[in-house]
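K.L.:
Sharing a structure below in C-alpha cells format, with a few things to ask.
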Amino acid sequence: MVKEKLITFLESLKKNEKLKNYNEATVRHSVILKILEYLDWDIHDPDEVTLEYPVDKNNDNTKVDIALKYNDDDPKVVIEVKKANEELEKHTEQLFNYSCGKCGVKLSILTNGITWWFYLPLSSGNWERRKFCSIDIYDQNSENIAEMIISLILKENVISGEYERNAKEMKENQTKDAIIKKTIPEAWGKL
C-alpha cells in the first residue's frame with residue numbers, strides 16, 4: 001500500500017511541469033513532506049518530523065531543514081532541501097557540517113525534490129565517497145525510486161535501524177560495482 005501510493009505520487013511529479021520552478025519552501029511542503037507522510041511519518045508531530053532543526057545548540061542560525069526523529073531522540077536522518085532548479089553540488093559541505101560536525105546522524109539527504117543524494121555521513125572519505133545513492137525523479141523508474149526511498153526512510157525502517165543496514169548494503173554494492181567496472185576492462189586488455 002505504501003509503495004503503490006508512493007509510485008502514484010512519483011508519477012504525478014514526473015508530469016508536473018511546475019515542479020522545476022518550485023522554490024525551497026514549496027519543494028519542502030509539496031514534495032518532501034508529502035513523501036514523508038506516505039512513509040508513515042507524522043509530519044504534524046515535531047517529535048517525529050522537526051522543521052528547521054537546530055543542529056548547533058550554540059548557534060540558532062545553524063539549522064537543517066528537516067530532521068527525522070523517534071521518541072524525542074536525536075535525529076536519525078536529516079534532510080537538507082533546496083529549490084527545484086538548484087545545483088546540489090554547492091551544498092554538500094553545508095550538509096557535511098550539519099550531519100557530521102553537529103548532530104552525528106547516520107543518514108543525510110540533500111535534495112531539490114527532483115534529485116536526491118543519500119549519504120552515510122559518518123563513513124570515511126570525502127563527500128563523493130560518502131554518497132551511496134542518487135535518485136532522479138525524471139530519469140529513473142518510479143518503482144525503483146519508491147523501493148529505494150522506502151528502504152531508507154520508511155518510519156518503521158528508521159525506528160528498527162534497518163535503514164542503516166540498507167544504506168550500508170547499498171554503499172557496499174556501489175563499491176563492488178565500481179571495482180568491477182574498473183577491473184573488467186583491465187582484464188580484457190590483458191587477454
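K.L.:
Please give the FRET efficiency for D40 paired with E169, using the beta carbon to beta carbon distance and R0 = 22 Å, rounded to the nearest 0.05.
P.N.:
With R0 = 22 Å, the Cβ-Cβ based efficiency is 0.50.
K.L.:
Ignoring ligands, DNA and RNA, what accessible area per residue does region 1-134 give at 1.4 Å, in Å²?
P.N.:
Dividing the accessible area of region 1-134 by its residue count gives 50 Å².
K.L.:
Under the rule of at least 5 residues apart or a separate chain, name every residue whose amide H is placed under 5 Å from the amide H of C133.
P.N.:
F118
K.L.:
Same structure again: Keeping the other protein chains in place, figure out the carbon and sulfur percent of the accessible area of region 1-92, with a 1.4 Å probe.
P.N.:
43
K.L.:
Using 29 Å as the Cα-Cα cut-off, could you pick out the over-long pairs in K69/K131; K18/K63; K3/K69; K20/K168?
P.N.:
Correct reply: K20/K168.
K.L.:
Note the direction-averaged projected area, equal to a quarter of the hull surface, for the Cα convex hull of region 1-145, in nm².
P.N.:
8.6
K.L.:
On full extension of the chain, what length is gained from K20 through T8, given 0.36 nm per residue of separation minus the C-alpha to C-alpha distance?
P.N.:
This chain segment gains 2.5 nm when fully extended.
K.L.:
Can you work out the FRET efficiency for the pair S160 and R129, with r the C-beta to C-beta distance and R0 = 30 Å, to the nearest 0.05?
P.N.:
0.65
The values are calculated or read from the model by the stated rules, or taken from the named source; none is laboratory data. Note that the coordinates shown come from a computational prediction; the quantities given were computed from them, not determined experimentally. Note that we place each Cβ from the backbone using ideal geometry, even for glycine, and neighbour counts take in every protein chain shown. Surface accessibility is based on the protein's heavy atoms, side chains included, excluding ligands, DNA and RNA. Shrake-Rupley method; radii C 1.70, N 1.55, O 1.52, S 1.80 Å.
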